[in-house]
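K.L.:
Sending over a structure as structure tokens; questions will come in a sec.
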Amino acid sequence: MTTPRNRPLPREELERFGHELDEMRARTVATLGQRDADYIRVVYAAVRWTGFAGRLLLWLGAIVGGLLADVFHPATLSGLIVGTLLLALSKILENMELGHNVMHGQYDWMRDPHLDGRTYEWDIVGTGDNWRKTHNYRHHTWTNVRGMDDDIGYGLLRIFPEQRWKPFHLAQPLIAVVFALLFEWGIAIQDLRIGRWFAGKTSFAKLRAQFRPVGRKMARQVLKDYLFFPLLAGPFFLPVLIGNAVANVLRNLWTYIIIFCGHFTADVETFSKESAIGESRGHWYLRQLRGSSNLTGGRLMNLMSGNLSHQIEHHFFPDVPANRYAAMAIEVRAICARYGQHYNTGSLPKQFGEVIWRILRHALPSRPRTYGNPVPEPVAS
């Protein structure tokens, strides 16, 4: 596959490209204030209240179903279904718009201990510390650089033809579905790099030490969702247990879809380690642009995706409050057009369809692509 929609940029023009984006970021940061603080506090409250309402309705639905001895009674089903959906909504908002963005330090300027990116702990089985390492540092620094960015296939999937094909990848259509259902668990163990242990490149003692904080977080989440809250319904615990499990799966599926649409659509490129050595700010921006893709859909999509519907803007400005991305995207798109660079965006069905195509196509052997206009090689300092 070729990507002919990017005009080659001379080095001087590339630096102007980066300078314009830096200037836009500075203008935006200078205007941060009460509006941004109010927004994230509303999101924080929405997460708490939708979670509370969801768990309450699950509990009431289970109790009513038990007392009526009829789990299919309209009152029972209404409570269980609406409760599950509200709990899933709470978990999606907490992961996408609250936890992910807070942990990027987007609201550290508020000095609010509940919104401190260095200490925030979110509602999944993975630890915040591991996410800050694998995602905030490794992925955002080395976006789509082969051998540096572990998010390229997450060690399971062959998404790009530049990845080495193995017979194992023939099963990846099925593996991708299982990974989507259990996405939070995959994220939780990502930094453990279990494959290195299987290959004899790290000791079991080191793996066990790395697993301890992850294991504690997993235990807390399992006890909370699958023991404590279900047992509040007493002998009618099973519907609450199922509701919690379904809410987690719905959150996992949605998170998987949004993240994969932001990184693995048809025009997204990967890069060699050599191409990132000594790169300038302009090179870095160009790599982020060509390694990301956006989603259309308006305000609801922005909220439900944690504003990762603007994945390009997020990769340009990961520490800028995400509620600013929609406005910034207008100028970012204009800058890209002015410099002849493709701004990759599309609807959720279109972008996820391209992701599915990648998963199916690259389960089979395929040759590396030839890029029509590759990112120019930087000059090492």
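K.L.:
Please enumerate the residues belonging to segment 226-268 that are of a type in the set (Ser, Thr, Tyr) and not in a helix (DSSP H, G or I).
P.N.:
If we filter segment 226-268 for residues that are of a type in the set (Ser, Thr, Tyr), which is where we start, we get 226, 255-256, 265.
Within segment 226-268, just Thr265 meets the criteria.
K.L.:
With surrounded by fewer than 19 Cβ atoms within 10 Å (Cβ to Cβ) and in contact (Cβ under 8 Å) with a residue 24 or more places away in the chain as the only criterion, which of Lys133, Lys91 stands out?
P.N.:
That would be Lys133, the only listed residue that is surrounded by fewer than 19 Cβ atoms within 10 Å (Cβ to Cβ) and in contact (Cβ under 8 Å) with a residue 24 or more places away in the chain.
K.L.:
While we're on this one: Among the residues of segment 283-297, is any in a helix (DSSP H, G or I) and closer than 20 Å to Ala37 by Cβ?
P.N.:
Within segment 283-297, none of the residues are in a helix (DSSP H, G or I) and closer than 20 Å to Ala37 by Cβ.
K.L.:
Can you find a residue in segment 269-278 that is farther than 21 Å from Glu13 by Cα, of a type outside the set (A, V, I, L, M, F, W, C), in contact (Cβ under 8 Å) with a residue 12 or more places away in the chain and part of a helix (DSSP H, G or I)?
P.N.:
yes
K.L.:
Something else: Within segment 49-81, restricting attention to residues that are of a type in the set (S, T, N, Q) and under 15 Å from Val240 (Cα atoms), which residue is modelled with the lowest pLDDT?
P.N.:
If we filter segment 49-81 for residues that are of a type in the set (S, T, N, Q), which is where we start, we get 50, 76, 78.
Then keep just the ones that are under 15 Å from Val240 (Cα atoms); that gives 76, 78.
Working: Thr76: 85, Ser78: 91.
If we take residues in segment 49-81 being of a type in the set (S, T, N, Q) and under 15 Å from Val240 (Cα atoms), then Thr76 is modelled with the lowest pLDDT.
K.L.:
Moving on. Output the residues belonging to segment 195-225 that are surrounded by 13 or more Cβ atoms within 10 Å (Cβ to Cβ) and not in a helix (DSSP H, G or I).
P.N.:
If the condition is that a residue be surrounded by 13 or more Cβ atoms within 10 Å (Cβ to Cβ) and not in a helix (DSSP H, G or I), then Thr202 is the only one that fits.
K.L.:
A further question on this structure: Check off (1) outside any loop (DSSP other than H, G, I, E, B); (2) closer than 26 Å to Arg338 by Cβ for Arg7 and give me the number that stays unchecked.
P.N.:
(1)
K.L.:
Still on this structure, I have one more. Of Glu97, Glu20, which residue is at pLDDT 95 or above, within 30 Å of Tyr343 (Cβ to Cβ), among the acidic types (Asp, Glu) and surrounded by 22 or more Cβ atoms within 10 Å (Cβ to Cβ)?
P.N.:
Glu97
K.L.:
Pick out, from segment 23-118, the helices (runs of 4 or more DSSP H) lying fully within it that include 3 or more residues that are charged (D, E, K, R) and within 22 Å of Arg251 (Cα to Cα).
P.N.:
34-68
The values are calculated or read from the model by the stated rules, or taken from the named source; none is laboratory data. For clarity, every value in this text was computed on a predicted model and none was experimentally measured. So basically every Cβ, Gly included, is an ideal-geometry build from the backbone, and we count neighbours across all protein chains shown.
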